[in-house]
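The values are calculated or read from the model by the stated rules, or taken from the named source; none is laboratory data. None of these values were measured; they are calculated from a predicted model. FYI the Cβ positions are ideal-geometry reconstructions off the backbone, even for glycines, and counts take in every protein chain you see. Note: areas computed on protein heavy atoms with side chains; ligands, DNA, RNA excluded. Shrake-Rupley method; radii C 1.70, N 1.55, O 1.52, S 1.80 Å.
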Amino acid sequence: QVQLVESGGGLVQPGGSLRLSCAASGSSFSIDAMGWYRQSPGKERELVAAKTGGGSTNYADSVKGRFTITIDNAKNTVYLQMNSLKPEDTAVYYCNAALRVGIWRYEANYWGQGTQVTVSS
(Lines give C-alpha, C1' and ligand atoms only; values in the text may rest on other atoms or scores of the structure.)
Protein backbone atom coordinates (compact mmCIF):
# COMPACT_ATOMS: atom_id res chain seq x y z
CA GLN A 1 0.00 0.00 0.00
CA VAL A 2 1.12 3.53 -0.75
CA GLN A 3 0.29 6.74 1.05
CA LEU A 4 0.46 10.31 -0.22
CA VAL A 5 1.00 13.08 2.31
CA GLU A 6 0.52 16.66 1.19
CA SER A 7 1.71 19.88 2.78
CA GLY A 8 2.17 23.54 1.97
CA GLY A 9 -1.30 25.00 1.57
CA GLY A 10 -2.48 28.14 3.28
CA LEU A 11 -3.63 31.71 2.91
CA VAL A 12 -1.72 34.05 0.62
CA GLN A 13 -2.36 37.48 -0.84
CA PRO A 14 -2.89 37.98 -4.57
CA GLY A 15 0.44 38.04 -6.34
CA GLY A 16 2.04 35.87 -3.68
CA SER A 17 3.61 32.42 -3.86
CA LEU A 18 3.16 29.03 -2.27
CA ARG A 19 4.84 25.67 -2.71
CA LEU A 20 2.90 22.46 -2.29
CA SER A 21 4.60 19.16 -1.54
CA CYS A 22 3.35 15.60 -1.80
CA ALA A 23 5.45 12.69 -0.58
CA ALA A 24 4.70 9.11 -1.55
CA SER A 25 5.68 6.30 0.81
CA GLY A 26 4.93 2.67 1.49
CA SER A 27 5.31 -0.37 -0.73
CA SER A 28 7.99 -0.64 -3.38
CA PHE A 29 6.93 1.35 -6.40
CA SER A 30 8.04 3.35 -9.40
CA ILE A 31 6.47 6.51 -10.71
CA ASP A 32 4.62 6.64 -14.00
CA ALA A 33 3.34 10.15 -13.32
CA MET A 34 2.47 12.52 -10.51
CA GLY A 35 0.32 15.57 -10.62
CA TRP A 36 -1.89 18.11 -8.94
CA TYR A 37 -5.61 18.65 -9.31
CA ARG A 38 -7.83 21.24 -7.69
CA GLN A 39 -11.46 21.61 -6.85
CA SER A 40 -13.36 24.69 -5.77
CA PRO A 41 -16.94 24.77 -4.48
CA GLY A 42 -19.50 24.00 -7.15
CA LYS A 43 -16.90 23.01 -9.71
CA GLU A 44 -15.50 19.74 -10.94
CA ARG A 45 -12.00 18.63 -10.03
CA GLU A 46 -9.59 19.81 -12.70
CA LEU A 47 -6.02 19.03 -13.66
CA VAL A 48 -3.56 21.75 -12.69
CA ALA A 49 -0.25 20.17 -13.65
CA ALA A 50 1.23 16.73 -14.17
CA LYS A 51 4.63 15.27 -14.87
CA THR A 52 5.61 11.82 -16.06
CA GLY A 53 8.50 9.78 -14.78
CA GLY A 54 10.13 10.46 -18.13
CA GLY A 55 9.94 14.21 -17.59
CA SER A 56 7.03 15.29 -19.80
CA THR A 57 4.82 17.98 -18.30
CA ASN A 58 1.27 19.16 -18.82
CA TYR A 59 -0.24 22.34 -17.42
CA ALA A 60 -3.71 23.80 -17.40
CA ASP A 61 -3.84 26.90 -19.61
CA SER A 62 -4.86 28.99 -16.61
CA VAL A 63 -1.61 28.30 -14.75
CA LYS A 64 0.96 28.22 -17.57
CA GLY A 65 3.83 30.57 -16.84
CA ARG A 66 2.87 30.85 -13.17
CA PHE A 67 3.05 27.29 -11.78
CA THR A 68 5.89 24.79 -12.03
CA ILE A 69 5.72 21.08 -11.24
CA THR A 70 8.82 19.11 -10.30
CA ILE A 71 9.50 15.60 -9.04
CA ASP A 72 12.33 14.64 -6.70
CA ASN A 73 12.71 10.97 -7.55
CA ALA A 74 15.10 10.33 -4.67
CA LYS A 75 12.43 11.51 -2.22
CA ASN A 76 9.41 10.28 -4.20
CA THR A 77 8.03 13.77 -3.79
CA VAL A 78 6.21 16.03 -6.21
CA TYR A 79 6.19 19.79 -5.77
CA LEU A 80 4.00 22.52 -7.17
CA GLN A 81 5.56 25.97 -7.10
CA MET A 82 2.77 28.50 -7.46
CA ASN A 83 3.69 32.11 -8.26
CA SER A 84 1.62 35.18 -9.08
CA LEU A 85 -1.36 33.64 -7.37
CA LYS A 86 -4.82 34.91 -8.17
CA PRO A 87 -8.09 34.70 -6.22
CA GLU A 88 -9.38 32.26 -8.84
CA ASP A 89 -6.62 29.84 -7.81
CA THR A 90 -8.44 29.35 -4.51
CA ALA A 91 -9.33 25.67 -4.18
CA VAL A 92 -8.52 22.42 -2.45
CA TYR A 93 -5.47 20.99 -4.17
CA TYR A 94 -5.10 17.24 -4.45
CA CYS A 95 -1.97 15.27 -5.24
CA ASN A 96 -2.30 12.30 -7.59
CA ALA A 97 0.16 9.52 -8.28
CA ALA A 98 0.10 6.89 -11.01
CA LEU A 99 2.48 4.18 -9.86
CA ARG A 100 3.73 0.70 -10.61
CA VAL A 101 3.59 -1.15 -7.30
CA GLY A 102 5.29 -4.27 -5.99
CA ILE A 103 7.28 -6.99 -7.70
CA TRP A 104 4.57 -7.46 -10.31
CA ARG A 105 4.47 -3.73 -11.03
CA TYR A 106 0.72 -3.50 -11.14
CA GLU A 107 -0.74 -0.14 -12.01
CA ALA A 108 -2.29 1.78 -9.17
CA ASN A 109 -3.60 5.30 -8.73
CA TYR A 110 -3.54 7.20 -5.46
CA TRP A 111 -4.87 10.49 -4.14
CA GLY A 112 -3.69 12.72 -1.35
CA GLN A 113 -6.01 14.08 1.32
CA GLY A 114 -6.13 17.56 -0.16
CA THR A 115 -4.75 20.87 1.03
CA GLN A 116 -6.58 24.19 1.01
CA VAL A 117 -5.11 27.11 -0.90
CA THR A 118 -6.82 30.46 -0.38
CA VAL A 119 -5.77 33.56 -2.29
CA SER A 120 -7.30 36.64 -0.76
CA SER A 121 -6.40 40.11 0.43
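List of remarks:
- Calculated translational diffusion coefficient of the stretch 1-68 (10 °C, 1.306 mPa s; Stokes-Einstein with Kirkwood radius over alpha-carbon pairs) equals 114 µm²/s.
- Carbon/sulfur fraction of accessible area - the stretch 28-121, other protein chains in place, 1.4 Å, %: 47
- Taking a straight line from the alpha carbon of Lys43, these lysines sit under 22 Å away, with near neighbours fewer than eight places off in the same chain left out: Lys64, Lys86.
- Computed across the stretch 52-121, the Kirkwood hydrodynamic radius from all distinct Cα-Cα pairs reaches 14.1 Å.
- Ordering of 102-111, 71-80 by burial proxy (mean other Cβ atoms within 10 Å per residue, highest first): 71-80, 102-111
- Working from Cα pairs under 8 Å separated by at least six residues, relative contact order for the stretch 80-121 is 46 percent.
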